[in-house]
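Taken together, the values in this text are just the output of simple stated rules run on the coordinates, not laboratory data. Predicted model only: the values in this text are computed from it and were never measured. Heads up, the Cβs are rebuilt from the backbone with ideal geometry, glycines too, and the neighbour counts pull from every protein chain shown.
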Amino acid sequence: MPLKSVRFITWLVAILLAIPVLIGLIGTLLPAFHYFPPLGEYHVTFAAWISLLHSSEFYSSLRLTLATGIISPIIALWMALSILAWGYQRPFFQKIENLLAPILAIPHAAIAIGLLFLLSPSGWLMRLFSPWLTGFDRPPNWITVQDPYGLSLIFAIIMKEMPYLLFIMLASLHAIDARKTLEVCQTLGYKRLTIWRKVLIPQLYPIIRMPIFIVIAFSLTVVDLALVIGPNTPSTLAVTLFRWFNDPSLSKRFIASAGSIALVLVIAFVIFGWEMAHCFFTRLTKAERSNGKRSGPTDYFLRLGVVLGLITLSSAFVSLVILPIWSLTRRWRFPDALPASWTLDNVQHAYPLLLELSSNTLIIAIVATVIACLMSALMLETKRLSKTTKNHPFDWLIYVPILLPQIGFLFGLHILLIQINLNGTLVAIIGLHLMYVLPYVYLSLKGPYLAYQEDYLVQANRLNNRPWRNYFFIKLAMLKPAILTAFAIGFSVSIAQYLPTLIAGDGRYSTLTTEAVAQAASGDRKQVGSMALLQAFFPVFIFWLAHALPPRWTKWRLSIYLRIKKCYKQIPKQSLK
Amino acid sequence: MLKSLIAASISGALLFTSIHAQADWQDTLKEAKGQTVYFNAWGGADNINDYIRWSAKHIKEQYDVTLKQVKLTDTSDAVNRVLAEKAAGRNTDGSIDLIWLNGENFRAMKDNNLLYGPFSTELPNYKKYVNEHARQSITRDFGTPVDGMESPWGMAQVIFMYDTATLKNPPKSMPELLAYAEQHPGRITYPAPPQFLGVTFLKQALYELTPYKQALSQPVDKADFQKVTAPLWAYLDKLNKVAWRHGVTFPTDSSQMIRLLDDQEIDVALSFDISAASVQIQQGNLPDTVRSYVFTKGTIGNTHFLAIPYNSSATAGAEVVANFMLSPEAQMHKQTPTVWGDLSVLSYDKLSPADQKKFDAIPRGIATLSIAELGKTLPEPHSSWVKPLEQEWRKRYAQ
């Protein structure tokens, strides 16, 4: 990109990113210290913190949050790395890759409802084996979901996050030239899993560090998944805070704001601890990694990860399959393995609103994601031109919104939107969506964009000195697969946003997601099933396009181009006659 | 002398207002024309959303007011939005014109001056059809005086549902419920407080178990909370041990209980919607052998309302909507079990004979109880009891 005044653009972007973050933080910080004029509180005190630290529910929720929020990313990472190491470049792996897109695209709450139905004592697994094998005419009184230790919640988080990590890893593999490394090491006699463990994973980790942090923050702050499948006596801290924020007695929001700040500190602390643990672990295993042995007993560790990972992936897939079945169900009681009667009513019921919902959803998602792609390209270009290896201010700034708990943070932003008279408009919704879409787009584009061989562009400019044209038609065209993938990820992130849409739009713009979440409030599996299907349709389609378009692009473009050219040639002849 | 003067001036003022009321209402109708009313209402039930759509059509035709539902997952979303607007100094032209609410949300909004009014007692249909003495909950919403700040919309009462195919004699009191649970471990449960139905279950149990019933209608700080509630906790200690999933988790709300009843995980489900069983049978979510019943000593009932935020941009339109919702036509349609089945707030005696006949002709769903069968409604305890009950429950069973 032939940019001038790189420094200026860098700072402009950084300031644009910082404003909403600051406002959001102030909007949470002030009430946390009891300053909140609309409720008649004008004095800064520590009352909210004192009551937070005296609330025993805070500690029990915190314990649960720490357990689920630390264990889930560890296991998700382990499984994702194992599956990658085991399957990379194998024919069967392609099938797994195809499975990732729908899992990434499906909204969290929907997949959780599917999983809940799969695993609960009256769920699908039980129904398949009852009563002929288990002897149960009625569901047993077991605790298989919403267990007090949060195990089912951990499983649900892993199910949703492991595919994301795998997806990101696959996208960043070319940066470390995995294929060559594998070839070289294999000729040296190293076993496949050992190569990954000793050579490739240590190289891969720094590249996927940020996505891992996002997964950690997500596991610590997730609300919708935890509401469906997490324990409620007590619930995780994020859910407890969510309940406090929504408490009818408005004074609860002070302690809720203090709790939000505490949760932010917890996130920072866990991420810091994670990095320390990583350093420690790297040192610990250094000797083993460079001892020259061609295979080792710790390879079994990866092998176990593969088995567990595949089980997780298949349960995610089954949870997905459950949704269409429910959307066509009329009656389905325990212990029937399949619905006793079917109907199209559930799907038809969603039909009248479909046009409005889909057009709102698409406008918001497409505009927000296109802007995010352009901004990412701009930011990455300034980053490339500045030629320092140091991080830009925006390199961490854009991640702040997704690392913060949504509910308190968005309240502050809402006040800002009202003050500048933007609330209830499409612009405001797109703006808030952009805040959540941008980090994901930036992150998935960063690796491929910075790894681009600039020589192509230099050469093109020598041949035909039109820098802007060449930037779009040479550089961006060559980066097509990466851009389309980033677009698909951003698109599905935008589609899934619930609170930002509701808050910025004053609830006046309904999208497929606001409708689906409102339906999920009743938990009706038939309605949720059909809404979730509709909600997943567009992201799955876009992911498919992102996958299918790049290899066929040139062929199609040329055939269209040639056809047009042919027409051109024919027209003058005909007109001459 | 002074007293009679005051009395005279008050009655004079009343007369004055009633003459002006007619003219005022015409003004309101005129002002409302062309307005759009954003109605923030819980959107989790399709039949209720459909009913609101039906109302919107009629209101558009009759008054030229556009009614748009903003579907919420939780009423507090709307309360939070009004609060944010107040924080930003948006004291006019707010984004919400009408909210469906009651109980604690109403108290929170009223106490923090977030509501417009008083308006409800001046609505023509309120004056014509509502009898304030018919039910305590019409003037005292969970013990908080309504003072015309919200307009009644419908009535709710706790009902229990069971499947006649698996259960012959359902337990009809709290002690019977415990005895049943001890015989059939894992088949009885209740929603986790602070979900309102869960709190209502605690109140229902408290009414039956405590010897100090009088204390419940007073603010909680006038009573010895521990002494009054001791029998409740003793009861729950026993019940939770034999409850569904050993009392380790609880259902989130009524719709989950209905699913669990259909899945045969539990034997008795609770609802605040007297026609829930009929509606769910019709939608294929419950077997047609399910029936409703109430406890012998009565169950807790309340009223739900419509309120207008203080900064609404369409107060006239919102009043027109609230007034329409109180018309016999709208209340009748709402009470039809295949539509919603929500009880009318109108006084039967005040209806015209023709309307009375129409109300009599409303079919009842196969699993809906008649007004007579619903029996005695127990009033909600004073709203100040909610918080301590919730907190004590969470302290004891949720950590």
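Take every DSSP beta bridge with both residues inside the protein assembly as shown and express the antiparallel ones as a percent of the total, to the nearest 5.
Percentage antiparallel, nearest 5: 70.
The alpha-carbon atoms of the range A:436-553, seen along their principal axes, cover 63, 31, 21 angstrom, with the largest extent given first.
Taking 25 Å as R0, compute the FRET efficiency from the Cβ-Cβ separation of B:THR121 and B:GLN62 and round it to 0.05.
On the way: r = 22 Å, r/R0 = 0.89.
E between B:THR121 and B:GLN62, to the nearest 0.05, is 0.65.
How large is Rg/Rh for the range B:40-166, to two decimals, with Cα atoms and a Kirkwood Rh?
On the way: Rg = 16.7 Å, Rh = 16.7 Å.
Using only Cα positions, Rg/Rh for the range B:40-166 is 1.00.
Please tell me which of these pairs span more than 32 angstrom C-alpha to C-alpha: A:LYS383/A:LYS566; B:LYS33/B:LYS71; A:LYS252/B:LYS30; B:LYS57/B:LYS110? Over 32 Å apart, Cα to Cα: A:LYS383/A:LYS566; A:LYS252/B:LYS30.
Taking the Cα atoms of the range A:245-309, the ratio Rg/Rh between the radius of gyration and the Kirkwood radius comes to 1.34.
Dimensions of the range A:167-235 based on its C-alpha atoms, expressed as ranges along the principal axes with the largest first, amount to 56, 21, 15 Å. Over all directions, the projected convex hull of the C-alpha atoms in the range A:1-88 averages 11.9 nm² in area.
Taking amide H atoms as placed 1.01 Å from N in the peptide plane, the amide H of B:PHE39 lies under 5 Å from those of B:LYS68, B:GLN69, B:VAL70, each 5 or more residues away in sequence or on another chain. Its residue count N sets the reference 2.2 N^0.38 Å, and the alpha-carbon radius of gyration of the range A:58-343 equals 1.13 times that reference. Highest-first packing order for the peptide set B:258-270, B:198-210 is B:258-270, B:198-210, based on the mean count of other beta carbon atoms within 10 Å. Residue-normalised convex hull volume from the C-alpha trace of the protein assembly as shown: 230 Å³ per residue.
The range B:292-339: percent of C-alpha pairs farther apart than 16 Å? In whole percent, the long-distance tail amounts to 62. Taking the three principal axes of the alpha carbon atoms in the range A:441-492, the coordinate ranges are 39, 18, 13 Å, sorted in descending order.
Across the range A:108-115, computed HN-Hα scalar couplings (Karplus, 6.51 cos²θ - 1.76 cosθ + 1.60, θ = phi - 60°) run 3, 4, 5, 5, 5, 5, x, 5 Hz from first to last residue, x flagging Gly and Pro. Mean per-residue shielding of peptide B:192-204 is 1, counting Cβ atoms of other chains within 10 Å of each Cβ.
Averaged over its residues, how many other protein chain Cβ atoms are within 10 Å of peptide A:32-42's Cβ atoms?
Numbers: counts 0, 0, 0, 0, 2, 3, 11, 6, 2, 0, 0.
The mean count of partner-chain Cβ atoms within 10 Å per residue comes to 2.
Close amide H partners of B:SER312, meaning residues 5 or more places away or on another chain with modelled amide H under 5 Å apart, are B:GLY94. Based on alpha carbons, the Rg and Dmax found for the range B:70-127 are 12.3, 37 Å. Rounded to the nearest 10 degrees, the angle from helix B:75-87 to the longest Cα principal axis of chain B is 50 degrees. Entry note: chain A has Rg to Rh equal to 0.99, where both radii use alpha-carbon atoms and Rh is the Kirkwood radius.
For the range B:123-259, the calculated P(r) over all alpha carbon pairs, in 5 Å bins from 0 to the bin holding the longest distance, is 2, 8, 14, 19, 17, 13, 12, 8, 5, 2, 0 percent. Computed over the Cα atoms of chain B, pair by distinct pair, the Kirkwood hydrodynamic radius stands at 22.5 angstrom.
The string of couplings for the range A:197-209 from the Karplus curve (6.51, -1.76, 1.60, θ = phi - 60°) is 5, 8, 10, 7, 4, x, 7, 6, 3, x, 6, 9, 4 Hz, one whole number per residue in order, with x for Gly and Pro. Shape of the range A:124-264 from the C-alpha gyration tensor: oblate (a/c of 1.5 or more and a/b not above b/c, with a ≥ b ≥ c the square roots of its eigenvalues).
Tell me the mean residue ellipticity at 222 nm calculated for the protein assembly as shown from its helices only (DSSP H runs of n ≥ 4, each -39500 (n - 2.57), averaged over every residue, nearest 500). Spell out each step's value before the answer.
Numbers: 42 runs with 600 residues, N = 976.
Dividing the helical sum by the residues of the protein assembly as shown leaves -20000 deg cm²/dmol.
Packing-based ranking of A:534-541, A:449-456, A:116-123 yields A:116-123, A:534-541, A:449-456, ordered from highest to lowest mean Cβ neighbour count within 10 Å. Derived scalar couplings between HN and Hα for the range B:226-231 equal 4, 5, 5, 9, 3, x Hz in order, rounded to whole Hz, by the Karplus curve 6.51 cos²θ - 1.76 cosθ + 1.60 (θ = phi - 60°), x for Gly and Pro. Residues whose amide H falls under 5 Å from that of B:ILE300, counting only those 5 or more places apart or on a different chain, are B:VAL158, B:LEU378, with hydrogens built in the peptide plane. Considering the dipole of the range A:58-343 built from charges on the beta carbon (Lys and Arg +1, Asp and Glu -1) around the Cα centre, which of A:LEU241, A:ILE154, A:PHE301 is farthest to its positive end? Most positive-ward Cα: A:PHE301.
Counting only residues at least eight positions apart within a chain, or on another chain, the lysines with an alpha carbon under 19 Å from that of A:LYS95 are A:LYS160. When both the range A:113-175 and the range B:121-158 are represented by their alpha-carbon centers, they are found 47 Å apart. Per-residue packing, averaged as other Cβ atoms within 10 Å, sorts the ranges B:56-67, A:319-330 into the order A:319-330, B:56-67, beginning with the highest.
Between B:THR338 and A:SER341, the C-beta separation translates, for a Förster distance of 25 Å, into a calculated FRET efficiency of about 0.80. Peptide A:246-257 has a mean shielding of 5, counted as Cβ atoms of other protein chains within 10 Å of each residue's Cβ.
How many times 2.2 N^0.38 Å is the alpha carbon radius of gyration of the range A:260-373? Before the final figure, lay out each step's value.
On the way: Rg = 24.8 Å, N = 114, 2.2 N^0.38 = 13.3 Å.
Relative to the 2.2 N^0.38 Å estimate, the range A:260-373 comes out at 1.87.
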